[in-house]
Amino acid sequence: MRNALGLMLASVVAAVVIAAGGWFYYSSRADQAAPKTIAARAADPLPAQAKLAAKDDVATTAAIAAKPAAAAPAPAPAPMPVQQKSTCANPNALGVSRVVEIDTTGGPGFGFDHFKQFDFLTDKEVVLTFDDGPWPVNTPAVLKALADECTKGLFFSVGKHATYHPEILRQVLAQGHTVGAHTWSHVNLNGKKMTEQMAKDEVEKGFSAVRFALGTNPAPFFRFPQLQHNPAIVSYFGTRNVAMFSTDIDSFDFRKGATPEKIIETVMTRLDKLGKGIILMHDFQKHTGEAMPALLARLKAGGYKIVQMKAKTTFQTLPEYDEALLKDLKVPTSSARPIGSVVQTVSQ
């Protein structure tokens with residue numbers, strides 16, 4: 001009995017000793033591992049302030065990233081359209097000797113039949129001008145003759161004709177000629193029944209029609225039909241900054257019985273006497289187109305030089321006349337309906 005009791009007591013003591021030793025061993029191991037635990041905490045995510053600083057660095061880098069050479073350069077602004085100088089295929093062409101730019105402020109006048117102030121042409125210099133177009137066959141014939149000699153003219157378009165044949169007038173502009181206006185319906189602005197308002201309407205509607213046909217503003221150049229200068233409109237052009245054109249040499253190509261030969265002789269006889277000047281012709285007339293190749297050849301043989309007149313600015317039409325013109329022409333206005341109510345996909 002005593003032996004059994006002693007054996008049990010010895011077992012209890014042994015268990016206590018083993019437990020104490022185990023506790024001491026694991027406590028020591030935990031203390032040795034403490035530095036690793038601290039290191040792991042140091043690797044935790046950055047505090048809020050550090051995160052903000054890192055984000056700012058990324059944003060700044062992104063903003064500067066466009067500067068290095070490897071990055072795509074910023075697109076350059078689109079250049080203004082420049083009319084390229086065409087090359088003349090004719091080595092012996094009449095060409096253009098010089099181009100003059102006209103400041104139309106105040107409504108200056110040109111052509112000694114009515115205006116004496118601006119004598120800008122020198123000896124043997126001429127300006128080619130054409131009235132009443134555009135017109136099928138006749139205007140293209142004039143354009144071809146001018147193109148063959150690589151020279152330029154000044155066209156005064158009748159508004160109605162411009163709306164009839166806008167494609168021809170656009171061709172005039174595309175070939176580098178200057179385009180002005182010649183009233184809406186070629187009416188005499190000094191007629192007995194013509195009021196000042198009616199004359200103004202003829203002028204402004206004519207310019208609006210030319211603008212409509214060209215798709216851009218014409219030159220602020222105007223010639224009175226039949227060279228009938230209405231005093232009220234002359235003053236009005238001073239406020240609208242429109243240059244007025246008369247003539248020095250009238251071809252009389254509109255007269256009954258006019259032939260290409262007569263037109264050429266009329267022009268050259270007068271020109272040889274004056275020595276220079278603004279020539280008045282009509283691209284509306286069939287015989288003028290027929291006369292042009294030989295007339296240009298005569299000018300070249302006579303040592304004459306062509307001067308082209310351009311305007312410093314374009315003519316700004318009045319909105320009320322633009323709107324009235326579109327209404328008269330019954331030009332459809334764009335629909336205000338949303339696209340979804342007009343166009344729908346029904347199969348795909």
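Residues with amide H under 5 Å of ALA311's amide H, sequence separation 5 or more or different chain, H placed in the peptide plane at 1.01 Å from N; which?
It is ILE102, by chain and number.
Starting at the first residue of the stretch 231-247, write each ³J(HN,Hα) from the Karplus equation 6.51 cos²θ - 1.76 cosθ + 1.60 with θ = phi - 60°, in whole Hz, x for Gly and Pro.
Per-residue couplings from phi come out as x, 5, 6, 4, 5, 4, 5, x, 7, 9, 6, 10, 7, 9, 10, 9, 7 Hz.
Once phi is turned into θ = phi - 60°, what whole-Hz ³J(HN,Hα) does the Karplus curve with 6.51, -1.76 and 1.60 give for every residue of the stretch 95-100, x standing for Gly and Pro?
Whole-Hz 3J(HN,Hα) from phi for the stretch 95-100: x, 10, 6, 7, 10, 10.
Is there a pair in LYS116/LYS192; LYS144/LYS273; LYS205/LYS273; LYS200/LYS330 whose C-alpha atoms are over 31 Å apart, and which pairs would that be? All intermediate terms of the calculation are to be shown ahead of the outcome.
On the way: LYS116/LYS192 27 Å; LYS144/LYS273 28 Å; LYS205/LYS273 38 Å; LYS200/LYS330 22 Å.
Listed pairs above 31 Å: LYS205/LYS273.
Net charge around GLN171, counting only other residues with Cβ within less than 12 Å of its Cβ (Lys, Arg = +1; Asp, Glu = -1)?
Values: positive: LYS144, ARG170; negative: GLU167, ASP283.
Summing Lys and Arg as +1 and Asp and Glu as -1 gives 0.
Could you give the nm distance between label points at LYS286 and HIS114, where each point is 7 Å from its Cα heading toward the beta carbon?
3.0
Rounded, prolate or oblate: which fits the stretch 153-250 when a ≥ b ≥ c are the square roots of the eigenvalues of the alpha-carbon gyration tensor, with rounded for a/c under 1.5 and prolate only if a/b beats b/c? It would help to have the intermediate numbers written out before the result.
Values: a/c = 1.81, a/b = 1.54, b/c = 1.18.
Prolate.
Dividing the Cα radius of gyration by the Kirkwood radius, what Rg/Rh value follows for the stretch 85-133?
1.03
How high is the FRET efficiency between THR314 and ARG270 when r is their beta carbon distance and R₀ equals 30 Å, given to the nearest 0.05?
On the way: r = 32 Å, r/R0 = 1.08.
The value I calculate is 0.40.
Amide H of GLY109: which non-local residues (sequence gap of 5 or more, or other chain) have their own amide H closer than 5 Å, using H built in the peptide plane?
The answer is MET244.
In terms of the Cα gyration tensor, with a ≥ b ≥ c the square roots of its eigenvalues, is the stretch 82-167 rounded because a/c is under 1.5, prolate because a/b exceeds b/c, or oblate?
Working: a/c = 1.84, a/b = 1.11, b/c = 1.66.
Note, shape of the stretch 82-167 comes out oblate.
For THR239 and TYR164, calculate 0.36 nm times their separation in residues minus their Cα-Cα distance, and state this gained length in nm to one decimal.
Working: separation 75, 0.36 × 75 = 27.00 nm, distance 2.97 nm.
Full-extension gain reported as 24.0 nm.
Can you work out ³J(HN,Hα) from phi for every residue in the stretch 186-192, in order, using Karplus 6.51 cos²θ - 1.76 cosθ + 1.60 and θ = phi - 60°, giving whole Hz and x for Gly and Pro?
Here the 3J(HN,Hα) series is 6, 7, 6, 6, 9, x, 4 Hz.
Out of residues 5 or more away from LEU280 or on other chains, whose amide H comes under 5 Å of its own, with H placed 1.01 Å from N in the peptide plane?
Distant-sequence amide H within range of LEU280: ASP248, ILE249, ASP250, SER251.
Find out how many positive minus negative residues lie around ALA145, taking Lys and Arg as positive, Asp and Glu as negative, among other residues whose Cβ is under 14 Å from that of ALA145.
With Lys, Arg at +1 and Asp, Glu at -1, the neighbours total 0.
For the stretch 256-302, what does the alpha-carbon gyration tensor say about shape, rounded, prolate or oblate, given a ≥ b ≥ c as the root eigenvalues, a/c under 1.5 as rounded, and a/b over b/c as prolate? Write down the numbers at each step before the final one.
Numbers: a/c = 1.80, a/b = 1.54, b/c = 1.17.
Note, shape of the stretch 256-302 comes out prolate.
Read the figures in this text as sums done on the coordinates, not as results from a lab. Keep in mind the model is a prediction, meaning the values are calculated, not measured. Because the Cβ atoms are built from the backbone with ideal geometry, glycine has one as well, and the counts that use them run over all protein chains shown.
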